[in-house]
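The values are calculated or read from the model by the stated rules, or taken from the named source; none is laboratory data. Since the model is a prediction, treat every value here as computed from it, not as a measurement. All Cβ positions, glycine included, derive from the backbone under ideal geometry; neighbour counts span all protein chains shown. All accessible areas refer to the heavy atoms of the entire protein, side chains included, with ligands and DNA or RNA removed. Shrake-Rupley method; radii C 1.70, N 1.55, O 1.52, S 1.80 Å.
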Number of protein chains: 2
Amino acid sequence: MLTVHHLQVSQSERIVWLCEELEISYDLKLHKRDPLLSPQSIKDLHVLGAAPIIQDDGLTLAESAACADWIIHKHGNGRLALPPSHKDYAKYLYWYHFSNGTLQPAVSRMLTIQLAGIKADNDMWKRYVAKLDQYVQHMDDHLSQSENPWLAGDDFTAADIMNVFTLTTMRKFYQLDLSKFKNILAYLQRVSKREAYKRAHEKGDPDLEYCLEGPPPKSFLSSLSKR
Amino acid sequence: MLTVHHLQVSQSERIVWLCEELEISYDLKLHKRDPLLSPQSIKDLHVLGAAPIIQDDGLTLAESAACADWIIHKHGNGRLALPPSHKDYAKYLYWYHFSNGTLQPAVSRMLTIQLAGIKADNDMWKRYVAKLDQYVQHMDDHLSQSENPWLAGDDFTAADIMNVFTLTTMRKFYQLDLSKFKNILAYLQRVSKREAYKRAHEKGDPDLEYCLEGPPPKSFLSSLSKR
């Protein structure tokens, strides 16, 4: 039996959603942040100390994309990935790797310098916020094309699952405003209508508001500081 | 004909090395930093404005891992990736994605806060430097095991190609000291003996010193500021 360890309000929501899309059977273990960082229960499972972590027949595996590829190819018969023979293989590869190669690091970087006390008048802030804006605009432009209802084209794929976390829940940590990105907002509405997305949310994060609108959702960090 | 655009002293060295390992024919175009960032010639090729960029029969593709997967599966018959049936598939996936999912973002994060003027007495600095140390130690521990001459086990794979940039050339930007990580240093010596690695270096970055020793190599940033 495949076990998925999900740290609530984290990127491991990708793996819960993936399992729901693939309609495979899995055992879901929920972990809560303590109060912001990974709890000991996650650290005890894997030296990285970060979710997602999956367990499968003696294997313990971390890293979002590694877990996704494992589940897709060992449990999903390759569904939600596109094979090299597919006409949209390049699009799939690009957007699949864009998530952790470009978009998520750009948002994390803003969160990092914000937490380190850097203010918006700092030159690095200005440069990095402009870079992030460029990346999001790039995705919005891509989704503006009628042949791209999903990131890899006609087919919903794991490229969508990898990127949506950064466009939604991640904004509870860094308050990215998506209001001007109309194509991304329309895309997130399409995402929100997927039954598997709703099931993943209900199972993994029933207390978390959906983060699908343009203005940033309520900060997770500020909710902690009010305790 | 496959064309590889390589920005010198950058992560696109991965793709040059990959092509040399696969012994495929490709056209190599070299670009120089201007003086630190991507030159206009890279920005003109792809909206991301970052190398690597490959061109292949009408396709223009960016993102290191996307370019690597494309070349492996469209030009290399899947060599240097491990298939789902391989006993070390999980190891391959983990370390392949660890490169851009964990290691490179952790080093980039340090570079970012350094450039933003954060000092080593800042709590965020301390926390992130400890995290980075933990990740590198994790890799060192993995490589200390005799069954792991390479990151995915017995076989040299694209997981090695993805991670080595961060352990070598990236240290010209953030001065990571590897002196205490003896297993990583021994691993880098094995890397340096690969003919394809040497060829890639000669073709892509003939003026760049090899960055294979423990102490950080001479800073690329300080060489700029001395101009």
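At a glance:
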read-out	value
In segment B:91-101, residue nearest to B:GLU13 (Cα to Cα) [restricted to those that are open to solvent by 20 Å² or more (accessible area, probe 1.4 Å) and within 8 Å of chain A (Cβ to nearest Cβ)]	B:ASN100
Filter result (more than 28 Å from A:TYR26 (Cα to Cα), in a loop (DSSP other than H, G, I, E, B) and open to solvent by less than 20 Å² (accessible area, probe 1.4 Å)) within segment A:177-211	A:LEU178, A:PHE181
Looking only at segment A:113-126, and only at residues there that are within 24 Å of the chain's Cα centre (by Cα) and more than 7 Å from chain B (Cβ to nearest Cβ), the one that is most open to solvent (accessible area, probe 1.4 Å)	A:GLN114
Boolean, A:ARG14 is basic (Lys, Arg) and more than 16 Å from the chain's Cα centre (by Cα)	no
Pairs with Cβ under 6 Å, 6+ apart, first in segment B:56-82 and facing chain A (nearest Cβ under 8 Å) and hydroxyl-bearing (Ser, Thr, Tyr), second crowded, with 19+ Cβ neighbours inside 10 Å and assigned to a helix (DSSP H, G or I)	B:SER64/B:ARG14
Verdict on A:ASP88 being over 27 Å from B:HIS75 (Cα atoms) and either more than 9 Å from chain B (Cβ to nearest Cβ) or over 16 Å from the mean Cα position of the chain (by Cα) (or both)	no
Criterion violated by A:ALA51 - all others in (1) surrounded by fewer than 21 Cβ atoms within 10 Å (Cβ to Cβ); (2) over 27 Å from A:ASP154 (Cβ atoms); (3) in contact with a helix residue (DSSP H, G or I) (Cβ under 6 Å, 6 or more places away or on another chain) satisfied	(1)
Yes/no for B:THR166 being in a helix (DSSP H, G or I) and in contact with a Lys or Arg (Cβ under 6 Å, 6 or more places away or on another chain)	no
Options A:SER108, A:SER85; residue that is under 23 Å from B:ALA66 (Cα atoms) and in contact with a helix residue (DSSP H, G or I) (Cβ under 9 Å, 6 or more places away or on another chain)	A:SER108
Any hit, segment A:57-68, residues being open to solvent by 30 Å² or more (accessible area, probe 1.4 Å) and in contact with a helix residue (DSSP H, G or I) (Cβ under 6 Å, 6 or more places away or on another chain)	yes
Selected residue (only one of B:ASP154, B:ASP133, B:ASP160, B:ASP141 is open to solvent by 60 Å² or more (accessible area, probe 1.4 Å), more than 12 Å from chain A (Cβ to nearest Cβ) and modelled with pLDDT of 95 or more)	B:ASP154
Residue within segment B:25-41 that is more than 10 Å from chain A (Cβ to nearest Cβ), farther than 30 Å from B:LEU224 by Cα and either surrounded by 15 or more Cβ atoms within 10 Å (Cβ to Cβ) or modelled with pLDDT of 95 or more (or both) present	yes
Residues (small (Gly, Ala, Ser) and outside any helix (DSSP H, G or I)) located in segment A:76-122	A:GLY76, A:GLY78, A:ALA81, A:SER85, A:ALA116, A:GLY117, A:ALA120
